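Student: My questions will all concern the structure given below.
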Amino acid sequence: MGAIAVVLDHMTATALHDPKNPFNEAVAAFHVQASGGLGTLCAPVLPLTGDTERPGLLACINGPRFIRIEPLDTEAALTATDLLSAGHSWAAVHAARPSAVFPSGRFLLTLTPEVYAGTGVQAAHPDPGQ
């Protein structure tokens, strides 16, 4: 089996850095796998900077090794604009999009997979029992 590519959304990024969060251990398991070379863990910059409830989230998530911060490039901005126009939230618009590096997309780790319905994103909860 090849390495899995996973994208953190703002909620799973928050869970990773809050040891009191009930999903901290489940998200941290993905970070451990990435640190062991068993996967790629990414975090798109737009949801990390757009979360006004957690203004320091980008600084927190930028620190740990093995998490790649993805910039909002022109391709991502065009996709984001289309999804915002279609009524999707800012949190869903810069997620697990297909790209040259990941042509089939990636899994998005989120506490609310339903937010990503209709976006074409493969959203999964970090706790399989949820």
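Student: Picking from Thr74, Thr49, which residue would you name as being more than 21 Å from His125 (Cα to Cα), modelled with pLDDT of 80 or more and open to solvent by 70 Å² or more (accessible area, probe 1.4 Å)?
Tutor: On the way: Thr49 fails: modelled with pLDDT of 80 or more.
Exactly one residue qualifies, and that residue is Thr74.
Student: Could you tell me whether segment 57-73 includes any residue that is within 18 Å of Leu108 (Cβ to Cβ) and among the small types (Gly, Ala, Ser)?
Tutor: No, every residue in segment 57-73 fails to be within 18 Å of Leu108 (Cβ to Cβ) and among the small types (Gly, Ala, Ser).
The values are calculated or read from the model by the stated rules, or taken from the named source; none is laboratory data. On a predicted model such as this, the values are computed, not experimentally measured, just so you know. Note that each Cβ is placed from the backbone with ideal geometry, even for glycine, and that neighbours are counted across all protein chains shown. Heavy atoms of the whole protein, side chains included, go into the accessibility calculation; ligands, DNA and RNA do not. Shrake-Rupley method; radii C 1.70, N 1.55, O 1.52, S 1.80 Å.
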